[in-house]
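The values are calculated or read from the model by the stated rules, or taken from the named source; none is laboratory data. Remember, predicted model here, so these are calculated numbers, not experimental data. Cβ: placed from backbone, ideal geometry, glycine included. Neighbour counts: every protein chain shown.
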Amino acid sequence: MSKAQQFSLTEALQHLTEQSNNQVWDLLDKENRSGQEEEMLLAANASLYLWKQVGTAVHAQRGSWLLSRVHTVQGQSIDALKWAQKCREITDNNPDEMEDFDLAFAQEALARAYALAGDLGLANKHRVQAAELGEQIQDPEDQQIFLSDFQGGNWFQLD
């Protein structure tokens, strides 16, 4: 019989945060999420909430981006735009905490949300900015992750 592992509250929250974040990505990566859309949204909300308890501004920024992505994938333009704007606000207000790829992803979130909402002018503006910022990402692995994500997914009327 093994002893139960002891965690501090912070460690437990970090673990739960990572689990909920990973759950969202597992669902986003699925071709068919039939019946799991609500679970994906709940996990994204849980991830952001938990990151706000134990993380910093960059975690809130990334959690807001993730919520924007989930709402975009689910076709919910108002919420997608709300969370994309929140992501951008956190990015702008905390530049010292952000990585170069965070800047690119903030623009990408706005571009997709505006495209979903049918505002093609703003969607294209933010898509161009995201592409430019993506080209400036210094770490090759981070840049590849961004570009792979940026080039994939639904761009709605911008396709």
query: Take the residues of segment 8-52 that are of a type outside the set (Gly, Ala, Ser) and part of a loop (DSSP other than H, G, I, E, B): which is surrounded by the most Cβ atoms within 10 Å (Cβ to Cβ)?
result: Arg33
message: Quick check on segment 58-77. Is at least one of its residues more than 13 Å from the chain's Cα centre (by Cα) and aliphatic (A, V, I, L, M)?
response: no
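Can you report the number of residues in segment 58-78 which are in a helix (DSSP H, G or I), under 19 Å from Trp25 (Cβ atoms) and not hydrophobic (A, V, I, L, M, F, W, C)? I'd like the intermediate steps shown before the answer.
Residues of segment 58-78 in a helix (DSSP H, G or I): 58-73, 77-78.
Those left that are additionally under 19 Å from Trp25 (Cβ atoms): 58-73.
Those still in the list that are not hydrophobic (A, V, I, L, M, F, W, C) too: 59, 61-64, 68-69, 71-72.
Residues in segment 58-78 being in a helix (DSSP H, G or I), under 19 Å from Trp25 (Cβ atoms) and not hydrophobic (A, V, I, L, M, F, W, C): 9 in total.
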- request: Please identify the pairs in which a residue from segment 134-148 that is among the charged types (D, E, K, R) has its Cβ atom under 6 Å from the Cβ atom of a residue that is at pLDDT 95 or above and crowded, with 16+ Cβ neighbours inside 10 Å, counting only partners at least 6 apart or on another chain.
  value: Asp142/Phe101
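Conditions tested, residue by residue: (1) under 23 Å from Glu99 (Cα atoms); (2) touching a strand residue (DSSP E or B) at 6+ places or on another chain (Cβ under 8 Å); (3) free of Cβ contacts under 8 Å to residues at least 24 places away in the same chain.
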site	(1), (2), (3)
Asn32	no, no, yes
Gly35	no, no, yes
Leu48	yes, no, yes
Ala57	yes, no, no
- prompt: Residues Ala46, Ala4, Ala80: which one is among the small types (Gly, Ala, Ser), over 23 Å from Gln107 (Cα atoms) and at pLDDT 95 or above?
  reply: Ala46
message: Against the condition more than 13 Å from the chain's Cα centre (by Cα), loosely packed, with under 15 Cβ neighbours inside 10 Å and over 28 Å from Leu120 (Cβ atoms), how does Asp92 come out, does it pass?
response: no
- prompt: Which of (1) modelled with pLDDT of 95 or more; (2) closer than 17 Å to Trp25 by Cα; (3) not aliphatic (A, V, I, L, M) is the odd one out, the single condition Glu89 does not satisfy?
  reply: (2)
